[in-house]
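Enquirer: First, the structure itself, so that you have it in front of you.
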Amino acid sequence: MTEDQTLKISKIKEGIVIDHIPAGKAIKVLSLLNVGEHSGHTVSLAMRVKSKKRGFKDVVKIENRNVAESELSVISLIAPEATVSYIENYNIKEKRMLSIPDQITGILKCPNQNCISNTKEPVQSSFRVLSREPLLARCEYCEREFRGNELLGKL
Amino acid sequence: MIKNRSIVTIDDVGDDDLNEIFTAAEEMDKLIKSGKKISILESRIMCTLFYEPSTRTRLSFESAMHRLGGGVITMADVKTSSVSKGETLADTIRMADAYSDVIVIRHPLEGAARLASRFTSKPVINAGDGSGQHPTQTIMDLYTIRKELGKIRGLKVTLLGDLKYGRTVHSLILALSKYDAKIKLISPPSLRIPEYLLHRIGDKSSVEVLDTLEGNIADTDVLYVTRIQKERFTDPNEYQSLIGSYSVNNNVLESMKRNSIIMHPLPRVDEIAPEVDQDARAAYFRQAANGVPVRMAIISKVLGGI
Ligand SMILES: [Zn+2]
């Protein structure tokens with residue numbers, strides 16, 4: 001982001017900045033994080049910002065919010081090249097590059113209706129990533145394999 | 001080694017384990033025929049949890065454990081007991097863990113046996129979950145092929161019938177692919193093998209997906225016929241229109257090799273005509289009889305009995 005564009009979204013005091021989201025996917029990232037009208041977080045969003053790396057990108061800033069590991073792993077499925085910066089007192093305390101993990105636990109539901117992980121049993125869904133590009137993952141319970149659009153379709 | 005390990009899918013059983021099970025099953029067969037008292041698993045207890053009826057499989061497991069000198073406890077009618085009170089499978093398994101040394105489970109939902117294995121330190125044996133895996137049936141099928149034809153590797157195996165919902169064929173296909181079998185899959189188009197399974201076999205084995213029996217089984221060593229499971233259909237008309245769309249009779253037999261075999265997991269509906277039963281190639285009753293010695297071998301391996 002150039003200095004000019006940074007100014008388009010105000011700096012935040014505490015919270016997270018998710019950068020390098022593929023253009024048009026910011027809303028999806030927010031819905032994944034359950035950040036919306038009723039969540040009480042202040043959100044700044046920049047869509048189709050010029051990017052040095054690849055054409056255009058989206059940027060999301062969420063005040064007073066942290067992200068869990070499981071949330072990061074799912075964001076990585078939508079935005080595999082995203083970075084997450086943790087802001088404290090206007091400073092970047094930590095910056096992380098996202099990458100699709102070997103295992104995706106929780107959040108995603110198994111697309112197989114007949115899978116035991118979709119019941120009230122005390123387990124989280126769990127998928128082993130078999131391929132990242134294109135995304136292919138196997139449910140640890142029903143052992144079925146799903147492509148990215150099948151897995152993310154229900155989000 | 002499968003000692004103290006759960007058998008949820010056929011992948012949980014290595015090639016060496018399989019060979020050990022085959023050898024042990026042969027010994028069990030001899031022991032049964034000798035009529036001697038067997039006390040390999042004396043004072044050990046097996047718990048059977050059948051969340052859907054399958055008398056054949058349950059009796060085979062229970063008979064195997066009794067033959068080994070062990071005891072069996074079972075939840076008489078899962079539908080009227082804890083399940084209807086809303087107990088999770090996880091909690092039921094924790095209870096079974098306290099009462100037994102090995103747990104055998106059959107469940108309508110896919111992945112149930114894997115889930116069960118996460119809530120107990122005792123080995124769990126999957127006796128079928130949803131349209132997923134049924135590994136002991138697969139081991140029994142492999143054992144039958146080996147016993148009947150002397151080997152498994154490189155054979156030409158044709159699977160016929162309901163390849164979409166038929167749980168027994170799914171794990172069998174995966175297992176056969178490891179033996180470099182030349183596999184033909186014949187089914188009505190609506191009952192074809194699921195894409196994800198075909199994907200898993202990948203290029204491990206040669207696989208042909210076909211629509212008709214005719215002209216496709218002349219070189220087949222093993223013709224494995226499956227039943228159409230009525231309970232898998234929501235529309236009874238669909239079931240009626242499919243049943244009998246493939247059937248093995250004397251005409252089909254005629255087109256097969258002399259030293260081939262016909263298998264079926266039983267019970268059959270209309271897939272194999274009774275006239276076929278007289279032919280020496282009809283191996284399905286011998287296959288069923290292999291269930292007890294094979295399960296004896298599996299249970300005693302898992303519990304470290306032999
Ligand atoms: Zn699943």
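Throughout, read-outs are computed from the coordinates displayed, never taken from laboratory work. Bear in mind the structure is a predicted one, so any value in this text is a computation, not a measurement. Virtual Cβ from ideal backbone geometry, glycine too; neighbours counted across all protein chains shown.
Enquirer: What number, in percent, do you get for the relative contact order of segment A:78-134 if the mean sequence gap of Cα pairs under 8 Å and at least 6 apart is divided by its residue count?
Expert: RCO, segment A:78-134: 28 percent.
Enquirer: A further question follows. Going by C-beta contacts inside 10 Å, put B:68, B:198 in order with the fewest on the left.
Expert: B:198, B:68
Enquirer: Out of segment B:187-284, which trypsin sites (Lys or Arg not before Pro) are coil in DSSP terms and have no more than 10 other C-beta atoms within 10 Å?
Expert: Those that pass, being in a loop and sparsely packed, are B:258.
Enquirer: Another question, then. Round to a whole angstrom and tell me the spacing of the C-alpha centers of segment B:178-220 and segment B:1-61.
Expert: So the separation of the two Cα centres works out to 29 Å.
Enquirer: Hey, another quick one. For the residues B:157, A:35, what sequence is obtained by ranking on other C-beta atoms within 10 Å, fewest first?
Expert: The order, fewest Cβ neighbours first, is A:35, B:157.
Enquirer: Of A:120/B:3; B:30/B:301; B:147/B:257; A:95/A:120; A:50/A:109; B:122/B:182, which ones are farther than 27 Å apart at the Cα?
Expert: As for pairs spanning more than 27 Å Cα to Cα, those are A:120/B:3; A:95/A:120; A:50/A:109; B:122/B:182.
Enquirer: Hey, another quick one. Which of the three applies to segment B:1-113, rounded, prolate or oblate, going by the alpha-carbon gyration tensor with a ≥ b ≥ c and a/c under 1.5 meaning rounded?
Expert: Judged from the Cα gyration tensor, segment B:1-113 comes out prolate (a/c at least 1.5, a/b above b/c).
Enquirer: Please label the shape of segment B:168-306 as rounded, prolate or oblate, based on the square roots a ≥ b ≥ c of the eigenvalues of the alpha-carbon gyration tensor (a/c under 1.5 means rounded; beyond that, a/b larger than b/c means prolate, else oblate).
Expert: Because its axes are fairly even, with a/c under 1.5, segment B:168-306 counts as rounded.
Enquirer: A further question on this structure: Just to be sure I follow the definition: excluding the sites themselves, where is the longest run in chain B that has none of the GluC sites (Glu not before Pro) in a DSSP loop with at most 16 other Cβ atoms within 10 Å?
Expert: Here the longest segment lacking exposed loop sites spans B:88-213.
Enquirer: Residues with amide H under 5 Å of residue B:209's amide H, sequence separation 5 or more or different chain, H placed in the peptide plane at 1.01 Å from N; which?
Expert: Amide H to amide H, under 5 Å and 5 or more residues apart or across chains, residue B:209 pairs with B:185.
Enquirer: Sticking with this one: Decide, for the protein assembly as shown, between rounded, prolate and oblate: order the square roots of the alpha carbon gyration tensor eigenvalues as a ≥ b ≥ c, take rounded if a/c falls under 1.5, and otherwise choose prolate if a/b is larger than b/c, else oblate.
Expert: Cα axes put the protein assembly as shown in the prolate bin.
Enquirer: Hey, with R₀ at 22 Å, roughly what FRET efficiency would residue B:280 and residue B:26 work out to, going by the Cβ-Cβ distance, to 0.05?
Expert: 0.55
Enquirer: Sticking with this structure for a sec: Please identify the trypsin sites (Lys or Arg not before Pro) of segment B:1-110 that satisfy two criteria: DSSP loop assignment and at most 14 other Cβ atoms within 10 Å. Which are they?
Expert: Passing sites in segment B:1-110 are B:3, B:36, B:37, B:79, B:85.
Enquirer: So for B:221, B:29, fewest C-beta neighbours within 10 Å to most, what's the order?
Expert: So the ranking, lowest neighbour count to highest, is B:29, B:221.
Enquirer: Once the other residues with Cβ under 11 Å from the Cβ of residue B:115 are scored (Lys, Arg +1; Asp, Glu -1), what is the net sum?
Expert: Local net charge: -2.
Enquirer: Non-local amide H neighbours of residue A:41 (under 5 Å, H modeled in plane, Pro and chain starts lacking H): which ones?
Expert: Answer set, sorted by chain and number: A:36.
Enquirer: Specify the longest stretch of chain A that does not include any exposed loop site, a site being one of the trypsin sites (Lys or Arg not before Pro) with a non-H, G, I, E, B DSSP assignment and at most 10 other Cβ atoms within 10 Å.
Expert: Longest stretch, sites excluded: A:55-119.
Enquirer: Right, here's the next one. Around residue B:225, which amide H atoms from residues at least 5 apart in sequence, or from another chain, sit under 5 Å from its own amide H, with H modelled in the peptide plane?
Expert: B:160, B:263, B:264
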